[in-house]
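In what follows, a single structure is set out as structure tokens and then discussed.
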Amino acid sequence: MTPTTIPWGLAACLGTDTEVWFAEGNSALANADRAEAKAVCARCPIRTDCLVTAIAEERGLSESSRYGIRGGKSPKQRYEMERRYVERHPPPKQQRAA
């Protein structure tokens, strides 16, 4: 599915408080907000599409340039997923012109 064909209207996060998706720091409240966001994602019918979209949109960004819980994953988790994928699937080496 492309981002335009994903049924975003089915997202479990629709209508929820957006603050929980972008909690910063390590306070008890921020950790509770992240846990709440991930719990919403866990029951979302389009969670996988959301995660795939997030990873595609963030391709090549550093860990610190990613924000929020998306597809049930933190910025660090999404960064690590991309890093592991790239390690296992390196781009093909370019051929030199003769």
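Key figures for this structure:
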read-out	value
Residue within the stretch 52-70 that is under 11 Å from the mean Cα position of the chain (by Cα), surrounded by 11 or more Cβ atoms within 10 Å (Cβ to Cβ) and on the phi > 0 side of the Ramachandran plot present	yes
Residue check for S74: loosely packed, with under 10 Cβ neighbours inside 10 Å, closer than 15 Å to A23 by Cα and among the polar types (S, T, N, Q)	no
Flag for T48 being surrounded by fewer than 19 Cβ atoms within 10 Å (Cβ to Cβ), within 13 Å of G71 (Cα to Cα) and under 16 Å from the mean Cα position of the chain (by Cα)	yes
Single residue of the stretch 44-90 satisfying the filter (among the aliphatic types (A, V, I, L, M), touching a helix residue (DSSP H, G or I) at 6+ places or on another chain (Cβ under 7 Å) and over 17 Å from I6 (Cα atoms)) that is modelled with the highest pLDDT	I69
When residues of the stretch 60-69 are limited to those that are of a type outside the set (A, V, I, L, M, F, W, C) and touching a Lys or Arg at 6+ places or on another chain (Cβ under 7 Å), the one farthest from I46 (Cα to Cα)	E63
Test: A32 is surrounded by fewer than 10 Cβ atoms within 10 Å (Cβ to Cβ) and either β-branched (V, I, T) or at pLDDT 95 or above (or both)	no
Failed item, numbered, when P92 is tested on (1) within 26 Å of A12 (Cα to Cα); (2) surrounded by fewer than 14 Cβ atoms within 10 Å (Cβ to Cβ)	(1)
One residue from A39, A54 being out of contact with any strand residue (DSSP E or B) (no Cβ under 7 Å at 6 or more places or on another chain) and small (G, A, S)	A39
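The values are calculated or read from the model by the stated rules, or taken from the named source; none is laboratory data. These numbers come from a predicted model, not from an experiment. Cβ: placed from backbone, ideal geometry, glycine included. Neighbour counts: every protein chain shown.
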